[in-house]
Amino acid sequence: MRKQQRIWEEEHKNPKILPTLEHLEPSSGVIAFLGFLKNKKVTGDGKVVDIGSGKGRNAIHLAKLGYDVYCMDYVKLALDYTKAYAKKEGISPRIHLFDTNIDSFWPFENNFFDLAIDCFSSIDIETEDGRNIYKSELRRTLKPGGYGIIMVVSSDDEIEKKLIKTSPGKEPNSSIWPGTGKFQKNYDESEVRRFYKDFEILQLKEIKKQAFKLGEHYKATNISVILRKPYDKS
């Protein structure tokens, strides 16, 4: 089992480490994404991939809106929680669970999804090669013209900025969380644009807010990217 997977399994067993894992309210980034889609006349149906879906806070919300949501995660406890909550809410037929790694081949056909969500999941992939596989699979399975929301942590984040100096990973702007050993790849704006250059970047925003991590309250800085898979020009 991969080191990152073991860490996440322990955190799901002990939500005091990362309290937001218990909150089933959808992320503010996903709410903003839905507002963006509404302006584009994209509403309430189609297939969505929730990449690193966790306990299903975004998946549950999207299923209630009428989407079929395909949850990918490698923590069985999180997927079991999603399954139970979906049953409780009466939306089980719209929730599809996949116990799989996001940095290997995805079990879906080409051009399968209308929408994609990655809320701080790909930043935990431990290698550049792994993140490139994730990106390739995202592009392969998203329909031409399909939209995605990607949330990453900025290298200007108050805690991460310190950790990049005091507990750096092997890659630029990466960190190893003290006490847990968790890897995190942070980004500046230019890195985000380079990494997702094979997509159309429709919106890129820096978001600052108060947050809680590693036992302290701090000012978080995240980057939200809305992208679209280009149509085939041939």
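Among the residues of segment 57-93, write down those that are assigned to a helix (DSSP H, G or I) and either of a type in the set (Val, Ile, Thr) or on the phi > 0 side of the Ramachandran plot (or both). Don't jump to the end; show me each part of the working.
Within segment 57-93, the first condition is being assigned to a helix (DSSP H, G or I), and the residues that meet it are 57-64, 76-89, 92-93.
Of everything in segment 57-93, those that are assigned to a helix (DSSP H, G or I) and either of a type in the set (Val, Ile, Thr) or on the phi > 0 side of the Ramachandran plot (or both) turn out to be 60, 82.
If you take the residues of segment 25-39 that are modelled with pLDDT of 90 or more and not in a helix (DSSP H, G or I), which of them is nearest to residue 211 (Cα to Cα)?
27
Which one of the conditions (1) closer than 17 Å to residue 149 by Cβ; (2) assigned to a helix (DSSP H, G or I) does residue 194 fail to meet, given that it meets all the rest?
Single failed check for residue 194: (1).
Looking only at segment 185-201, decide whether some residue is over 19 Å from the mean Cα position of the chain (by Cα) and more than 21 Å from residue 50 (Cα to Cα). Before you say what the answer is, go through the steps one by one.
Step one: list which residues in segment 185-201 are over 19 Å from the mean Cα position of the chain (by Cα), which gives 190.
Filter again for more than 21 Å from residue 50 (Cα to Cα), leaving 190.
Yes, that holds for at least one residue.
Can you tell me which residue is surrounded by the fewest Cβ atoms within 10 Å (Cβ to Cβ) among those in segment 183-208 that are under 22 Å from residue 31 (Cβ atoms) and without any contact (Cβ under 8 Å) to a residue 24 or more places away in the chain?
Here the residue is 205.
Could you grab the pairs with beta carbons closer than 7 Å, sequence gap of 6+ or different chains, first residue in segment 56-71 and within 12 Å of residue 115 (Cα to Cα), second one among the small types (Gly, Ala, Ser) and surrounded by fewer than 19 Cβ atoms within 10 Å (Cβ to Cβ)?
67/44; 67/46
The values are calculated or read from the model by the stated rules, or taken from the named source; none is laboratory data. Note that the coordinates shown come from a computational prediction; the quantities given were computed from them, not determined experimentally. Because the Cβ atoms are built from the backbone with ideal geometry, glycine has one as well, and the counts that use them run over all protein chains shown.
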